[in-house]
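Reviewing the structure listed below.
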Amino acid sequence: MQSLLSPASQEVVRATAGVVAENMVKITSHFYPRMFADRPDLLNVFNRADQAVGEQAQALAASVVAYAVQLIDPDAPSFEPVLDRIAHKHVSLGIRAEQYTIVGRHLMAAIGEVLGDAVTPEVAAAWDEVYWLLAMQLAAAEARLYALGGVDPAQPWRDYRVAERRDEVPGEVITLVLAPVDGQPVPQHRAGQYVTINAALSDGSTQPRQYTLSGAARPDTMQVTIRRVRGTADTPAGMISNLLHDDTPVGTILQVSIPCGDVYVDDSDSPVMLVSAGVGVTPMAAILEDLAQRAPHRPVILAHADRSAASHPLHDSMSATAASMDSVAAHCWYEQADESASARGAHTGFMDLSVVEVPADVRVYMCGPLPFMREARRTLLDRGIPADHIRYEVFGPDLWAQNPDAA
């Protein structure tokens, strides 16, 4: 396929891609503080926790480099799946096309400030072209998603009332059932998609967080299941998860995006395998409920890992759903063995998919921490499951999407 990049810029990018890639995390780490100093209002759009640990900078760096490489290398992996995933994330956050101008100006300035004299006018022009090709493709994909969702990008949020609140794991995991304040139907969506809650903070600012819809599509409500993120010696407590746990009684009004996400169950009759760890079970709960309603005959394998039986979210509701279907095989791994774990026939220790019978034509959906998903994916690949039969969802910056085979 002919490159979208001009011939002159192709040569420059080919000659400089190595040094830019080597310094891109440094560039993006410099870019964000620069942009926020000029536009503090954008702090409301970006996850401050991801900024604090540097994951957002790493994800942006990997995306720009991967996009540039596929512009100059016809044998490079397609960037389309990554572009589609980024577009869904951006729409869930209410990113607008005009904001690409702000990002582009500060990103190019950061490249010049980090690389110094190496950034000649020719180099600057070539990488500016790379950025704008990426920005325009994303803006077009996002415009399409906004249009399909019937959403004005200038007003991406809709008010929902907390209609019901359930403790899934006392003190640790809650489910919030959300109903539109305007009384109109919820947007159409697919099991496995997510929404963003734009939480209001006490200082008047807002912070967005993405949460999977943990139930099948319903006409008048959506539900999300939220784990409380507790602080550790290395990471702070989750600002928004704790706020939602502590300050959202029934009746609370929340700003919520349209459902987004490119990981949802296909419509074939192939067996489905749902692999999860911890609160990563939430999209699996939605997919299982959806299959129970639409295709209860479709074989399903559930594989979940958790600390203990007591910390396993949505176990009882998923078990009830599974009981209504024709063929569901459930496997659990708990780090802590106790009577509840034994009663469920759970394995002790970490997940080991090598002991699970897996059909060759299975379609796999995964959600959980990246190291967990890398190990699960590696095991399935070793067992002959094609890579394109394995889909995954990750929340926060996706540090895996650009090169999952590096795991």
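The values are calculated or read from the model by the stated rules, or taken from the named source; none is laboratory data. Because the structure is predicted, anything quoted here is derived from the model rather than measured. Positions of Cβ are backbone-derived with ideal geometry, glycine not excepted, and every protein chain shown enters the neighbour counts.
Things to note:
- Options A191, A163; residue that is part of a strand (DSSP E or B) and assigned by TED's automatic domain parsing to the domain that holds T248: A163
- Residue list for segment 342-378, restricted to those being in contact with a Lys or Arg (Cβ under 8 Å, 6 or more places away or on another chain) and either free of Cβ contacts under 8 Å to residues at least 60 places away in the same chain or not β-branched (V, I, T) (or both): L353, S354, R363, Y365, M366
- Qualifying residue in segment 120-142 (condition: within 27 Å of D246 (Cα to Cα) and crowded, with 20+ Cβ neighbours inside 10 Å): no
- Screening the candidates H88, H189 for the property of being touching a residue at least 40 places away in the same chain (Cβ under 8 Å), closer than 22 Å to A217 by Cα and touching a Cys at 6+ places or on another chain (Cβ under 6 Å) yields one hit, H88.
- For segment 305-341, a residue qualifies if it is under 20 Å from L353 (Cβ atoms) and part of a helix (DSSP H, G or I), and the qualifying residues are H315, M318, A322, A341.
- Evaluated against (1) farther than 22 Å from V224 by Cα; (2) without any contact (Cβ under 8 Å) to a residue 40 or more places away in the chain; (3) touching a Phe, Trp or Tyr at 6+ places or on another chain (Cβ under 7 Å), A309 falls short on exactly one condition, (1).
- Test result for E339, over 14 Å from L274 (Cβ atoms) and without any contact (Cβ under 8 Å) to a residue 12 or more places away in the chain: yes
Conditions tested, residue by residue: (1) under 22 Å from E393 (Cα atoms); (2) part of a loop (DSSP other than H, G, I, E, B).
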site: Q223; (1), (2): yes, no
site: G231; (1), (2): no, yes
site: D234; (1), (2): no, yes
site: A237; (1), (2): no, yes
site: L243; (1), (2): no, no
site: L254; (1), (2): no, no
site: P283; (1), (2): yes, no
site: L288; (1), (2): yes, no
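- Of the residues screened, D220 is one that is outside the structural domain of D388 (by TED's automatic domain parsing), among the acidic types (D, E) and modelled with pLDDT of 95 or more.
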